[in-house]
Amino acid sequence: MAAAPALSLRVVAECGRSKARACELRLPHGSVNCPVFMPVGTQGTMKGLTATQLDALGCRLCLGNTYHLGMRPGPELIQKANGLHGFMNWSRNLLTDSGGFQMVSLVELSKVTEEGVCFRSPYDGKEILLTPEKSIEIQNALGSDIMMQLDDVVSSTVSGPRVEEAMFRSIRWLDRCIAAHTKPGQQNLFAIIQGGLDPSLRSKCLEEMTKRDVPGFAIGGLSGGEAKDHFWRMVDLSTNHLPRNKPRYLMGVGYSRAFLNALFRSDTAAMHHVTVHNIAYQLNLMHSIRESIIEQRFPQFVQDFMKTMYGNISSYPQWAIDALTSVGIILE
């Protein structure tokens, strides 16, 4: 008997007007109702919360950072702890990034070549080469349910030849990641669509990457400071071409008030409560969106949400009006 796939996606309902859909994503550590918000546990922990508290909030999928976990405590120690799930004492699903985002966040400490990314460690100053193969090796050791390919990441505010170079390199690195992946029956490798804010490059990347038989796709290279009008157009283009039967992960999108965290660094109790509030809000918002799609009232939900957030249409951001209009939701 063939082993069950490590991922399956069931479309529960679709909005009759827009492209919104409610899905059930089945992963090795349980089902995840989508759309879903993933809290970030960079180094195997959610700041201010225990794994039990995160579970009690209803979180069924959270994120860990391959670069930082690979630096310390290191994949060998985590593997001895029965993977990242055991290390965190987390029985639900995990997604690990590839380490590629640090090309942007640690740009002054990194250099990209065809072989991989050479980082100067922010911990001890040593040089470390992160290749597609090494990224996958670390993620295989971490044992995450969803792992991301190593992609060549450039800031969304960058333009010119570097964006095209990064896009084509990301396609080549995807093939190297697929070849290096040793546990496809247990862990799911997602491709990351790149191409910056150039529709032709995005389209080319979509054309090439969707030829690969990977379990899911991410829309990368956005939410880095670009204008919202450019952001939504790239998301719209990507979702028009991604396979309907596979999950989609919009990378880097989260709470607009995250900066408040800095105000509470001297008060750990306050940090705890703010973190609980932020995660509960995002998870409840995704739940409400999902229910509205299933009940075929998503356009009305959007209307009510925008009125609650902004008061009246004269205050609505133009990019939001244009984005929603593009999927058939006319704000009133």
**Complete:** Over the chain, cysteine residues that find no other Cys C-beta under 4.7 Å are Cys15, Cys59, Cys62, Cys118, Cys177, Cys205
**Asked** Over the chain, what relative contact order in percent results from Cα pairs under 8 Å that are six or more residues apart?
**Response** 18
**Request:** Taking the Cα centre of segment 76-227 as origin, work out the dipole magnitude from +1 charges on Lys and Arg Cβ and -1 charges on Asp and Glu Cβ, in debye rounded to 20.
**Result:** 260
**Prompt:** Once Lys and Arg get +1 and Asp and Glu get -1 on their Cβ, which of Thr210, Gln187, Ser200 lies farthest toward the positive end of the dipole of segment 142-234?
**Reply:** Gln187
**Prompt:** Using mean Cβ contacts within 10 Å as the protection proxy, how do 307-319, 196-208 order, highest first?
**Reply:** 196-208, 307-319
**Prolate/oblate/rounded call for segment 74-126, Cα gyration tensor, a/c under 1.5 rounded** = prolate
**Asked** Which residues' amide hydrogens lie under 5 Å from the amide hydrogen of Asn188, considering only partners 5 or more residues apart or on another chain, with H built in the peptide plane?
**Response** Ile146, Met147
**Item:** segment 11-80 shape via C-alpha gyration tensor axes, a/c threshold 1.5
**Value:** prolate
**Asked** Where both residues lie in the chain, what percent of DSSP beta bridges are antiparallel, nearest 5?
**Response** 50
**Asked** What relative contact order, as a whole-number percentage, does segment 96-171 give when Cα pairs under 8 Å and 6 or more residues apart are counted?
**Response** 32
**Asked** In nanometres, what is the gap between the two model label sites at Thr50 and Trp319, each 7 Å from Cα along Cα-to-Cβ?
**Response** 4.0
**Item:** Under 20 Å from the Cα of Lys47 - aspartates and glutamates, other chains or at least 8 residues apart
**Value:** Asp55, Asp97, Asp267
**Asked** What whole-number value in Å² describes the accessible area per residue of the chain for a 1.4 Å probe?
**Response** 49
**FRET efficiency, 1/(1 + (r/R0)^6) with R0 30 Å, evaluated for Arg244 and Arg172 via beta carbons** = 0.70
**Three-way shape call for segment 98-193 based on the alpha-carbon gyration tensor, with the a/c threshold at 1.5** = oblate
**Prompt:** How large is the charge dipole for segment 185-259, taken about the Cα centre, if only the Cβ atoms of Lys, Arg (+1) and Asp, Glu (-1) carry charge, to the nearest 20 debye?
**Reply:** 180
**Asked** For the chain, what is the calculated [θ] at 222 nm in deg cm²/dmol (nearest 500), taking -39500 (n - 2.57) for each run of four or more DSSP H residues and dividing by its residue count?
**Response** -12000 deg cm²/dmol
**Message:** Quick check: Cα centre of segment 290-331 to Cα centre of segment 75-148, how many Å?
**Reply:** 38
**Message:** If the only charges are +1 at each Lys and Arg Cβ and -1 at each Asp and Glu Cβ, what is the size of the charge dipole of the chain around the Cα centre, to the nearest 20 debye?
**Reply:** 500
**Message:** Exceeding 28 Å between C-alpha atoms, which entries from my cross-link table qualify? They are Lys134/Lys246; Lys204/Lys246; Lys80/Lys126; Lys80/Lys183; Lys134/Lys211; Lys80/Lys111.
**Reply:** Lys80/Lys111
**Message:** Which one, Gly58, Leu331, Ile219, is farthest towards the positive end of the dipole of the chain when Lys and Arg carry +1 and Asp and Glu -1 on their Cβ?
**Reply:** Gly58
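The values are calculated or read from the model by the stated rules, or taken from the named source; none is laboratory data. Because the structure is a prediction, the values reported are computed rather than measured. With ideal geometry, Cβ positions are generated from the backbone for all residues, glycine too; neighbour counts draw on all protein chains shown. Just the protein is used for accessible areas: all its heavy atoms, side chains included, with ligands, DNA and RNA removed. Shrake-Rupley method; radii C 1.70, N 1.55, O 1.52, S 1.80 Å.
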